[in-house]
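The values are calculated or read from the model by the stated rules, or taken from the named source; none is laboratory data. Treat the numbers as computed from the prediction; the structure is a model and nothing was measured. Quick reminder, even Gly has a Cβ in these numbers, built from the backbone with ideal geometry, and neighbours come from all protein chains shown. Calculation scope for accessible area: heavy atoms of the full protein, side chains included, ligands and nucleic acids excluded. Shrake-Rupley method; radii C 1.70, N 1.55, O 1.52, S 1.80 Å.
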Amino acid sequence: MLVCPSCATGHEDGERFCERCGVPLVEADPVAPPESEHRERARKIRPQYSEGPLVKVVGARNQSEAELLQGILIEEGVPSLVRRSGGFDVPDFLAAGPRDILVPASGADAAREILQLPEPQPGIDMRPGEGTPAWVKALAVALIVVILALIAAGVYAAVF
Ligand SMILES: [Zn+2]
């Protein structure tokens with residue numbers, strides 16, 4: 001068995017060059033096993049997408065659809081976990097039944113972008129300060145200054 005050192009395509013004995021790359025073929029090394037799928041996946045995971053608690057980003061109709069979505073995500077470096085959706089009492093060995101795709105919180109935004117899902121509903125998870133117009137903040141600061149000035153004036157009037 002001969003393989004291309006560039007694209008790893010196997011070729012029949014007797015051929016000398018890869019028909020895809022034109023690279024001279026080498027003997028396949030039966031000792032070194034090909035990188036397992038698991039290791040291959042682990043290698044692709046980006047650390048910045050693997051932090052935080054698992055959150056559900058999307059549902060799938062069945063196991064194979066879930067695995068397809070998982071494959072898309074891992075290609076972009078987002079690790080994910082497939083979990084059987086709650087409320088569907090289907091025996092575990094069956095591939096049927098809806099699934100939830102969960103990803104680490106730090107990878108959730110990337111996952112939604114990759115899968116082109118709508119952003120989470122605005123207003124529900126709004127961080128404090130976001131969406132507050134600058135003039136509202138300026139007004140609040142001005143009010144605090146006025147109140148402090150009035151208190152100071154009151155203290156001044158009381159003492160003197
Ligand atoms: Zn090749």
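What the table shows:
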| item | result |
| --- | --- |
| Stretchable slack from GLN48 to ASP13, in nm (0.36 nm times residue separation minus alpha-carbon distance) | 8.1 nm |
| Heavy-atom accessible area order for CYS21, CYS4, largest first, 1.4 Å probe | CYS21, CYS4 |
| Accessible area, probe 1.4 Å, largest first, for residues HIS38, HIS11 | HIS38, HIS11 |
| Ordering of 75-83, 60-68 by burial proxy (mean other Cβ atoms within 10 Å per residue, highest first) | 75-83, 60-68 |
| Anisotropy class of region 1-78 from Cα gyration tensor, a/c 1.5 cut | prolate |
